[in-house]
1. Just subtract the alpha-carbon distance of D33 and D183 from 0.36 nm times their residue separation and send over the number in nm, one decimal.
2. Looking at the range 103-217, send over the antiparallel percent of its DSSP beta bridges, to the nearest 5.
3. Sorted by packing (mean other beta-carbon atoms within 10 Å per residue), highest first, where do 136-143, 35-42 land?
4. If you take every DSSP beta bridge whose two residues both sit in the chain, what share of them, in percent to the nearest 5, is antiparallel?
5. Could you list which residues have their amide H under 5 Å from that of H136, counting only those 5 or more apart in sequence or on another chain, with H placed in the peptide plane?
6. Using helices alone, I'd like the mean residue ellipticity at 222 nm for the chain: each DSSP H run of four-plus residues gives -39500 (n - 2.57), total over residue count, nearest 500.
7. Run the simple label-point estimate for D103 and E70 please: 7 Å along Cα→C-beta, distance reported in nm.
8. Counting Lys and Arg as +1 and Asp and Glu as -1, each charge on the Cβ, what is the dipole of the range 83-194 about the Cα centre in debye, to the nearest 20?
Amino acid sequence: MRLLIFGKQGAGKGTQAVRLAEHFSIPHISTGDMFRSAVREGTEFGRRAKEFMDAGELVPDSVVLGMVRERLARPDAEHGFLLDGFPRTLPQAHGLREVVGEDGLDRVIELAVPTEAVVERISGRRVCADCGATYHVTAPPRQGWGHCDQCGGSQVVQRDDDNELAVRRRLAIYERETAPLADYYADGNLLARVDGVGDPDEVFVRILTAVGGRTSS
Ligand code: AMP
């Protein structure tokens, strides 16, 4: 299964992507996570990416494409993958087609959530600095903020790029650069538009239905 999921920041992509990758046993390839881990490792590459990220801007297409091309060449991606947060622009979508070929994707999921709802979600979002697991101020880790459910890490914090100015900038960039992907993939009959509002379990069932997978009870 070769899947791609996109949607506004805060639409719940990360949560759904982790579940989808697990369901289909495919690697979850998140460009945002890849950049954040480079930032954590303190590499020169990470330092340059962080400047764009903190400003709420997109990292240049050529940089992202090179990184994704390398990742897709790894053996675990040979029989399927889930791309999350990539492509974000039409040039990236064209670049992806060059890498995977004309028939290189099985389904493209657009997770649709109104802007007001995502602003509320993002401003309340908290993430584990160690493993990237996400929470919301209204849904903390089971044992409280000092203990991540996934990895036990003690630092569940607000992402540097979740400040209000950066959020507004990212949403404007989304409309301009990323929203056109819907038409691009609709033309190729790949697009499945899924309503991302509601309980995450229900949204997951909607996504599975849209990609033609079966729900396990
Ligand atoms: P995300 O976690 O997907 O919201 O990504 C966080 C930040 O990483 C974005 O705001 C961008 O600065 C950068 N980024 C992630 N994926 C891409 C991409 N495909 N193209 C350009 N920049 C990206």
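The values are calculated or read from the model by the stated rules, or taken from the named source; none is laboratory data. Bear in mind that the values here come from a model prediction, so they are computed numbers and not experimental data. Don't worry about glycine lacking a Cβ; one is built from the backbone with ideal geometry, like all the others, and counts go over all protein chains shown. To get the accessible areas, we keep the full protein, side chains included, count just its heavy atoms, and leave off ligands, DNA and RNA. Shrake-Rupley method; radii C 1.70, N 1.55, O 1.52, S 1.80 Å.
1. Working: separation 150, 0.36 × 150 = 54.00 nm, distance 2.62 nm.
Fully extending the segment from D33 to D183 adds 51.4 nm.
2. Details: 6 of 11 bridges.
Rounded to the nearest five, the antiparallel share is 55 percent.
3. Highest-to-lowest ranking by the protection proxy: 35-42, 136-143.
4. On the way: 6 of 22 bridges.
Percentage antiparallel, nearest 5: 25.
5. R126
6. Values: 9 runs with 95 residues, N = 217.
Per the formula, -13000 deg cm²/dmol.
7. Inter-label distance under the simple model: 3.1 nm.
8. Numbers: 13 positive and 18 negative charges, 82 e Å.
Approximately 400 debye in magnitude.
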